[in-house]
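These notes concern the structure reproduced below.
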Amino acid sequence: MESTNVADTDRWSYYSLYTKALMAVSYMFMTAICFISLPFLEKILVVLRDGRTLIGFLRSVDQFANLVLHRTIERIYVGKQYGDIPRGIFVVRGENVELLGEIDLKNEGVLPLEEVSVDEILEAQRREQQNKQEEQKKQNKKLLERGLQPHAEGTADDFT
């Protein structure tokens with residue numbers, strides 16, 4: 001028959017309690033980031049619900065998928081051109097994240113697109129939006145001529 005020392009029993013119960021506490025804490029953090037397998041401090045691309053594209057270094061994420069990005073740029077694409085607007089530290093609410101992915105740093109510089117200045121890309125974006133609005137007006141006019149009601153300008157997100 002083995003003799004049990006009171007000090008050993010207390011030590012083992014302490015270790016058991018310590019282990020359980022560590023497991024509980026690690027479980028909390030794992031459930032907070034289990035949706036994402038990206039390591040922190042990696043460069044990621046985030047597409048938001050409003051269509052904006054952000055590129056930055058992931059610094060933090062929580063159980064609501066809220067993100068903190070560091071050295072963030074907003075990338076605007078128009079045709080075969082793109083422009084980067086520096087934004088700094090960016091906090092993104094999780095419900096606005098539509099797409100999230102890691103950027104391959106080896107192939108980041110190999111883009112089949114032309115980089116232009118911020119002013120040029122903003123002007124190109126403005127022209128593109130004007131052209132879309134004109135096309136929408138023409139389409140709405142044609143629908144009205146045929147006796148059909150044109151679609152509402154807003155999306156379902158505008159009504160919630």
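The values are calculated or read from the model by the stated rules, or taken from the named source; none is laboratory data. Source: prediction; values computed, not measured. Heads up: the accessible areas ignore ligands, DNA and RNA and are worked out on the full protein's heavy atoms, side chains in. Shrake-Rupley method; radii C 1.70, N 1.55, O 1.52, S 1.80 Å.
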TODO: Just tell me which lysines come within less than 29 Å, Cα to Cα, of K80; anything on the same chain fewer than 8 places away is out.
DONE: K43, K106, K132, K137, K138
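Would you work out what percent of the accessible area of segment 60-101, with all protein chains in place, is carbon or sulfur (probe 1.4 Å)? Mind showing how you got there, number by number?
On the way: 1260 of 2440 Å².
Percent of accessible area from carbon and sulfur atoms in segment 60-101: 52.
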